[in-house]
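Working notes for the structure below.
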Amino acid sequence: MFVKRLDKEDELLLVHRRKVIRDYQENGICFSCQNFISGDIFPDDGLVIYEDELVRCQFEKFPRATGQTIIVSKLHYEDISEMPIDLGTHILKISNAIIKLHKEILGAEKVYMCTICDGKRNHLHFQLLPRLKGETIGYQNFVREEGVLTDYQETTDLYREALKSIKFNVFE
Ligand SMILES: [Zn+2]
């Protein structure tokens, strides 16, 4: 798995994705709900590494960091202020497991986490951004230019397998 610079075709795909999201929003349609139904905005393409009735975890196709991962809730919560604490605990347990895998599999030195959930009608989501050895530390890791995730299938298989074997207790 590595992140390649965007070529023209990738840039068009990324621009298209942003446009589709904007169009849904302008029509009052939640793009995340839409994506859970159709997968037309963030296609699985082998990028989904974990899913249960509460959340989906997926590698970002156009990441700002190698292995950038999105954890998104299935239900609407505008941000952490609306998040049920049990759900937060569940998300943290999963994050804990994924972060360990980012260290083991990608050799990440640290893994940063952020949540933005800005704009219209939304789903709670968190971003995990691995910082690999040799990469500069600090906030600039949140705003690096997007690239395109390449040669990732074998790596995402490892994550899926590892996460399958962990029991996350849903609805304690
Ligand atoms: Zn929704």
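Within the stretch 32-61, being within 14 Å of the ligand (Cβ to nearest atom) and of a type in the set (Lys, Arg) holds for one residue alone: Arg56. Just checking, does the stretch 92-110 include any residue being in contact with a helix residue (DSSP H, G or I) (Cβ under 6 Å, 6 or more places away or on another chain) and in a loop (DSSP other than H, G, I, E, B)? No, there is no match, as no residue in the stretch 92-110 is in contact with a helix residue (DSSP H, G or I) (Cβ under 6 Å, 6 or more places away or on another chain) and in a loop (DSSP other than H, G, I, E, B). Scanning the stretch 75-88 for residues that are in a helix (DSSP H, G or I) and in contact (Cβ under 8 Å) with a residue 40 or more places away in the chain turns up Ile80, Glu82, Asp86. When the stretch 68-84 is filtered for residues that are aliphatic (A, V, I, L, M) and either within 11 Å of the ligand (Cβ to nearest atom) or closer than 29 Å to Gly107 by Cα (or both), the ones remaining, listed by number, are Ile70, Ile71, Val72, Leu75.
Identify all residues within the stretch 118-168 that are in a strand (DSSP E or B) and aliphatic (A, V, I, L, M); write none if there are none.
Answer for the stretch 118-168, where residues must be in a strand (DSSP E or B) and aliphatic (A, V, I, L, M): Leu124, Leu128, Leu129, Leu132, Val148, Leu149.
Taking the criterion of being in a loop (DSSP other than H, G, I, E, B) and surrounded by 11 or more Cβ atoms within 10 Å (Cβ to Cβ), the only residue of the stretch 3-26 that qualifies is Leu6. For the subset of the stretch 44-57 comprising residues that are of a type in the set (D, E, K, R) and not in a loop (DSSP other than H, G, I, E, B), which member is surrounded by the most Cβ atoms within 10 Å (Cβ to Cβ)? Checked the stretch 44-57; the qualifying residue surrounded by the most Cβ atoms within 10 Å (Cβ to Cβ) is Arg56.
If you go through the stretch 58-74 and keep only what is within 19 Å of Gln34 (Cβ to Cβ) and in a strand (DSSP E or B), you end up with Gln58, Ile70, Ile71, Val72, Ser73, Lys74.
The rows are residues; the columns are (1) within 16 Å of the ligand (Cβ to nearest atom); (2) polar (S, T, N, Q); (3) under 23 Å from Asp86 (Cα atoms); (4) modelled with pLDDT of 95 or more.
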residue: Leu124; (1), (2), (3), (4): yes, no, yes, yes
residue: Asn141; (1), (2), (3), (4): no, yes, no, no
residue: Val148; (1), (2), (3), (4): no, no, no, yes
residue: Asp151; (1), (2), (3), (4): no, no, no, yes
residue: Thr156; (1), (2), (3), (4): no, yes, no, yes
residue: Ser165; (1), (2), (3), (4): no, yes, yes, no
residue: Asn169; (1), (2), (3), (4): no, yes, yes, no
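Only one of the numbered conditions (1) closer than 29 Å to Leu6 by Cα; (2) surrounded by 12 or more Cβ atoms within 10 Å (Cβ to Cβ) is not met by Pro84, and that is (1). Scanning the stretch 14-31 for residues that are in contact (Cβ under 8 Å) with a residue 24 or more places away in the chain and more than 16 Å from the ligand (Cβ to nearest atom) turns up Leu14, Arg17. Looking across Thr150, Thr115, one residue alone is over 19 Å from Arg56 (Cβ atoms) and either basic (Lys, Arg) or surrounded by fewer than 17 Cβ atoms within 10 Å (Cβ to Cβ) (or both). It is Thr150.
The values are calculated or read from the model by the stated rules, or taken from the named source; none is laboratory data. Owing to the predicted nature of the structure, the values given are computational and were not obtained by experimental measurement. Every residue, glycine as well, gets a Cβ built from its backbone with ideal geometry; the counts of neighbours run over all protein chains shown.
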